[in-house]
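Heads up: the structure comes next, in structure tokens.
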Amino acid sequence: MAYFNLSFLALLLLLLPLALLLILYLIVRPRPVKIPIKSRHVFITGGSSGIGLALAHQAASEGARVSILARSMDKLEEAKNYIQLSTGIDVSIFSADVRDYDAVSKAVEEAGPIDVLIVNQGVFVPEELEKQGLDEVKFMVDVNLIGSFNMIKAALPKMKKGEDSMPRSIALMSSQAGQVGIYGYTAYSASKFGLRGLAEALQQEVISHDIHVSLIFPPDTDTPGLTEETKKRPQLTSIIAESSGVMKAEEVAKKAFEGIKSAAFFVPCNLEGALLSIATAGMSPQRSFVMAFVEVVAAGLVRLVALFFQWNWYNGIHTWHAQNKRA
Ligand SMILES: NC(=O)C1=CN([C@@H]2O[C@H](COP(=O)(O)OP(=O)(O)OC[C@H]3O[C@@H](n4cnc5c(N)ncnc54)[C@H](OP(=O)(O)O)[C@@H]3O)[C@@H](O)[C@H]2O)C=CC1
Ligand SMILES: CCCCCCCCCCCCCCCC(=O)[C@@H](N)CO
């Protein structure tokens, strides 16, 4: 009898997760889809530097037709030459400020219909809100958030009527600071959290046109932008950001393309990022039933880990203030 009960229990323990996996397999929406890159038109904003340049290089290496957009023509030409030399691919360049809708619209018109739009441009000036000028706050929101609206508004009509019948992608470059608010990043985090709302709503609007939205969440990444940023970053910003380490732009680009190709809605880039994505899954879509399973089963435990991170960060903030009062 005891033997029977035990094996029954073991069977149940095995069947429950299998049943959950089956249910999730049946219900995950949107459905999994593959986005081909080879021979397709990949348009990257902020493609002349850092992560954007690494993305452009990777797209070219995979045989895509690549266009990049940024303000400085000099940096665009430098990027074009670099990619030409290392891949033999000729990249189209467009000089425009994403804050200028007409300029962006004209660039998109010239570039032709886009298959994969990567909205990657971004600016970051970390400072405590009390010290930061509202002009800088507005600058970050304008470039990172409103600039992304401008890009998508300009590209969407032609993306809907794609030339081929293959699925297309709109990918947005967020940041781990777009998943959790970080000291010194009130404006930056707000601009990146904004991208999440944009992405979630947009995915529902474009799904019937076979367009798939991805949100990429890198940690600190070694780029010209980060070099500038660290010169003026509050110490506490760096201490908290160190929880997730630093990646190379090429590594982020590789993760980003893996995510884009599998049309993942959330694209974390490192282990901490994977945890962060489970902790902040919320009501975001999830196409992978395996990831959905992990999210459901690990939710409580990952929340506990998140609370330990907050414990650690707040202790750090208190300690820092105590020390700097004495100094
Ligand atoms: N580096 C990091 O630690 C992390 C970065 N990110 C995000 O990744 C993205 C790229 O960052 P990163 O590679 O470090 O940045 P870089 O500063 O190295 O490059 C930024 C790119 O964006 C372009 N750009 C900036 N402002 C505008 C504008 N108004 N209109 C058009 N293009 C513009 C720049 O060209 P130009 O100046 O000529 O216009 C450049 O090509 C950003 O969205 C950033 O928030 C996310 C997490 C971490
Ligand atoms: C469940 C537990 C999760 C634990 C992991 C938490 C780690 C969070 C670290 C946040 C780092 C933010 C870096 C922002 C980089 C950036 O965007 C700037 N460099 C500007 O470009």
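Key figures
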quantity: Per-selection Rg to Rh, the chain - Cα, Kirkwood hydrodynamic radius; calculated: 1.03
quantity: Inter-probe distance in nm under a simple model that places probes 7 Å from Cα toward Cβ, at residue 14 and residue 319; calculated: 4.8
quantity: Cβ-based net charge around residue 258, under 14 Å, with every Lys or Arg adding one and every Asp or Glu removing one; calculated: +2
quantity: Loop trypsin sites (Lys or Arg not before Pro), region 25-57 (other Cβ atoms within 10 Å of the site Cβ: 12 or fewer; DSSP); calculated: 34, 38
quantity: Helix-derived mean residue ellipticity, 222 nm - over the chain, DSSP H n ≥ 4, -39500 (n - 2.57), to 500; calculated: -18500 deg cm²/dmol
quantity: Relative contact order (%) - the chain, alpha-carbon pairs under 8 angstrom, separation at least six; calculated: 19
quantity: Point-charge dipole on Cβ atoms (K/R +1, D/E -1) for region 170-327, about Cα centre, debye to 20; calculated: 460
quantity: Cα-centred dipole magnitude for the chain, charges only on beta-carbon of K, R (+1) and D, E (-1), debye, nearest 20; calculated: 660
quantity: Long pairs among 192/254; 131/153; 106/161; 80/231, criterion Cα-Cα beyond 25 Å; calculated: 131/153; 80/231
quantity: Relative contact order (%) - criterion: Cα under 8 Å, at least six apart; region: region 34-106; calculated: 28
quantity: For residue 29, solvent-accessible area (1.4 Å; no DNA, RNA or ligand), Å²; calculated: 130
quantity: Which of 217, 309, 94, 293 is most accessible, then next, and so on - probe 1.4 Å; calculated: 309, 293, 94, 217
quantity: Flagged links, alpha-carbon separation over 30 Å, of 232/261; 160/248; 75/232; calculated: 232/261; 160/248
quantity: Kirkwood hydrodynamic radius (C-alpha pairs) into Stokes-Einstein, region 107-217, 10 °C and 1.306 mPa s, D in µm²/s; calculated: 108
quantity: Longest segment of the chain lacking GluC sites (Glu not before Pro) that sit in a DSSP loop with at most 16 other Cβ atoms within 10 Å; calculated: 164-327
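The values are calculated or read from the model by the stated rules, or taken from the named source; none is laboratory data. Nothing here was measured: the structure is a model prediction, and the numbers come from that model. Counting neighbours? That spans all protein chains shown, and the Cβs are built from the backbone with ideal geometry, glycine included. We work out accessible area using only protein heavy atoms, side chains counted, and drop any ligands, DNA or RNA first. Shrake-Rupley method; radii C 1.70, N 1.55, O 1.52, S 1.80 Å.
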